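A quick write-up on the structure given underneath.
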Amino acid sequence: MLKLFNTLTGRQEVFEPLEPSKVRMYVCGVTVYDYCHIGHARSALVFDVLRRHLEYSGYAVTFVKNFTDVDDKIIKRANEQGISCDTVTEKYIQAYHEDMGKLGIRPATVEPKATEHIHDIIRLTERLVANGLAYVVDGDVYFEVAQYPVYGRLSKRRLEDLQAGARVDVDERKRQPMDFALWKASKPGEPAWQSPWGLGRPGWHIECSAMSMQHLGETFDIHGGGMDLIFPHHENEIAQSCGATGREFARYWVHNGFVQINQEKMSKSVGNFFTIREIFEKSEWSEEVTGEILRYFLLSTHYHGPLDFSDQALKEAKNALNGFYDLFGRLAEPGGVVMPDQSLSQAVDRCRGAFKAAMDDDLNTPVAIAALQGLRSDVNKLTKNGLSDEGRRQVREEFRSLGNNLGLFQLERWDFNVRVEPTPAHLTLTTFPPTVKIEERITDLQIENKLAERIDAKKRKDFKWADAIREELKSLGITIEDKPDGTSRWKR
């Protein structure tokens, strides 16, 4: 039974959808004026995994994630470069799909753009004006926060405190500083649409309310995004949506935590701000970074807490995946002396139960990964005496099935030497790009670990696997010389 932490109620709750076996979920997407950063990657991955686990649990999921393609930042970028806003947004929507494709993040069921829903935005704004919750000033339309008595219930803030702490707003036409724009009158050089209040464009908050209700209905199951969106964006979404319909907007509000860089908050001002592309391309990193390595790392911390991004964390993720794929390689080989597979079945059942319990416990991915690591350890012990070919096949399929919840373990083999081109938007993990290479050398410690693994393979009389390790090291420029005492030495 899935439980999720609901920001609206401040507690973990059993998830019960509005319709049996169906889930409707909306997640705030990106404003497309620049490349996505590691924070965007974490948020996208969290809700990709939530969607996967809901589907694994038997739900049919309708997942909507928007693009904000009209905004002050987009207009500024277009003016700086002397190009149209459409040119800016098309470039970064394509870049978004490429970056997320490399991470194995599936496209949403629907990915609407704000500019495709101007009519819906205007209609929703009209409802708010008619309900006495919004007012018009010189072509601008503002939501009057004081007219919505339960404002602040998501962020747990009191309107009185917000009003007292608000800085003086430059727009003195607003009745209160906390009032926010639903529609903005047009300015020269800005994109604009005709409305009952004259030429203008939508405010940021109203876009998500209009798009989510258009595709999911006035009330739906899950609304998600980063914690930075709780206030004011999601707070304002609730006020304007509930104010217009008189109904609850979303029943479960799910928010992921922030990303830190070496225990400091990520910020352009301190120079520790990394886009997804920079992580794949930066030559400073001492390790190859693949989409699966980055994905494994992002899932190693519970989504609700802060995530510390570091070089060491990437190394640990790579080493962990090495261990899994080394096992998968051995499972692909024919069995040796066959042991009864009853112990294997017990290990698989134990892992499956622990994995599902962890995922049902508010998507506790670190504990779910620990369950998979436990199964890896169990199988490593069992393969020393041999497993039947059917047992090997079954355990590999179990890793693939459970791993698909996390978007891991879908490759046939682990390959660190292939450079890939940008990934098309429709990519799924069945064609997950094996690697994005950062120029680097294999370290001495990694070579020693490979040699130890090779010696272990030879002791098991798994000479094919031992030869494969030799060839892998040879491809990296490492020569191995076997000594009479059974040990090996190497040189570059």
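The values are calculated or read from the model by the stated rules, or taken from the named source; none is laboratory data. Quantities reported herein were computed from a predicted structural model and do not represent experimental measurements. With ideal geometry, Cβ positions are generated from the backbone for all residues, glycine too; neighbour counts draw on all protein chains shown.
Things worth noting here:
- Restricting attention to region 109-123, the residues that are closer than 24 Å to Asp48 by Cα and buried (at least 22 other Cβ atoms within 10 Å of the Cβ) add up to 2.
- Residue within region 75-90 that is part of a helix (DSSP H, G or I), farther than 29 Å from Met266 by Cβ and of a type outside the set (Gly, Ala, Ser) present: yes
- The set of residues in region 245-261 being part of a strand (DSSP E or B) and farther than 20 Å from Asn6 by Cα consists of Val259, Gln260, Ile261.
- Checked against (1) crowded, with 19+ Cβ neighbours inside 10 Å; (2) closer than 29 Å to His302 by Cβ, Pro202 passes all but a single condition, namely (2).
- All positions within region 475-490 that are modelled with pLDDT of 80 or more and not in a strand (DSSP E or B): Ile478
- Contact map, region 1-29: first residue on the phi < 0 side of the Ramachandran plot, second residue in a loop (DSSP other than H, G, I, E, B) and charged (D, E, K, R), Cβ cut-off under 6 Å, separation 6 or more or different chains; pairs are Lys3/Asp362; Leu4/Asp362; Phe5/Asp362; Gln12/Asp362.
- Filter result (of a type in the set (Phe, Trp, Tyr) and touching a strand residue (DSSP E or B) at 6+ places or on another chain (Cβ under 9 Å)) within region 36-79: Phe47, Tyr59, Phe63, Phe67
Conditions (1) crowded, with 20+ Cβ neighbours inside 10 Å; (2) within 22 Å of Leu299 (Cα to Cα); (3) at pLDDT below 95, marked per residue:
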residue: Met25; (1), (2), (3): yes, yes, no
residue: Gly29; (1), (2), (3): yes, yes, no
residue: Val32; (1), (2), (3): yes, no, no
residue: His37; (1), (2), (3): yes, yes, yes
residue: Ala44; (1), (2), (3): yes, yes, no
residue: Phe47; (1), (2), (3): yes, yes, no
residue: Arg52; (1), (2), (3): no, yes, no
residue: Ile75; (1), (2), (3): no, no, no
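- Of residues in region 211-228 being closer than 14 Å to Cys242 by Cβ and among the hydrophobic types (A, V, I, L, M, F, W, C), the one nearest to the chain's Cα centre (by Cα): Phe220
- Residue in region 124-147 that is surrounded by the fewest Cβ atoms within 10 Å (Cβ to Cβ), counting only those that are assigned to a helix (DSSP H, G or I) and in contact with a helix residue (DSSP H, G or I) (Cβ under 8 Å, 6 or more places away or on another chain): Ala146
- Residues (assigned to a loop (DSSP other than H, G, I, E, B) and of a type in the set (A, V, I, L, M)) located in region 96-123: Leu103, Ile105, Ala108
- Test: residue in region 295-314 that is of a type in the set (D, E, K, R), buried (at least 20 other Cβ atoms within 10 Å of the Cβ) and under 15 Å from the mean Cα position of the chain (by Cα): yes
- Look at region 347-362: where a residue is farther than 20 Å from Leu382 by Cα and a partner is small (Gly, Ala, Ser), sitting 6+ places away or on another chain with Cβ atoms under 7 Å, you get Phe355/Ala368; Phe355/Ala371; Ala358/Ala368; Ala358/Ala371; Met359/Ala368.
Here's the yes/no breakdown for (1) closer than 25 Å to Glu218 by Cα; (2) part of a helix (DSSP H, G or I); (3) free of Cβ contacts under 8 Å to residues at least 12 places away in the same chain; (4) touching a helix residue (DSSP H, G or I) at 6+ places or on another chain (Cβ under 6 Å):
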| site | (1), (2), (3), (4) |
| --- | --- |
| Arg42 | no, yes, no, yes |
| Asp48 | yes, yes, no, no |
| His53 | yes, yes, no, yes |
| Gly58 | yes, no, no, no |
| Val61 | yes, no, no, yes |
| Val64 | yes, no, no, yes |
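- Residues of region 7-63 that are of a type in the set (Val, Ile, Thr), in contact with a Lys or Arg (Cβ under 7 Å, 6 or more places away or on another chain) and more than 20 Å from Ser401 (Cβ to Cβ): Val14, Val27, Thr31, Thr62.
- Looking only at region 431-474, and only at residues there that are surrounded by fewer than 15 Cβ atoms within 10 Å (Cβ to Cβ) and either in contact with a Cys (Cβ under 6 Å, 6 or more places away or on another chain) or hydroxyl-bearing (Ser, Thr, Tyr) (or both), the one that is modelled with the highest pLDDT: Thr443
- Consider region 386-427 and keep the residues that are among the polar types (S, T, N, Q) and either surrounded by 15 or more Cβ atoms within 10 Å (Cβ to Cβ) or modelled with pLDDT under 90 (or both). The one that is nearest to Glu292 (Cα to Cα) is Gln410.
Table: residues versus (1) touching a helix residue (DSSP H, G or I) at 6+ places or on another chain (Cβ under 9 Å); (2) assigned to a loop (DSSP other than H, G, I, E, B); (3) under 30 Å from Asp161 (Cβ atoms).
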| site | (1), (2), (3) |
| --- | --- |
| Ser195 | yes, yes, no |
| Arg201 | yes, no, no |
| Ala210 | yes, no, yes |
| Asp228 | yes, no, yes |
| Gly243 | yes, no, yes |
| Thr301 | yes, yes, no |
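- Against the list (1) under 27 Å from Leu216 (Cα atoms); (2) out of contact with any His (no Cβ under 6 Å at 6 or more places or on another chain); (3) among the hydrophobic types (A, V, I, L, M, F, W, C), the condition Val110 fails is (2).
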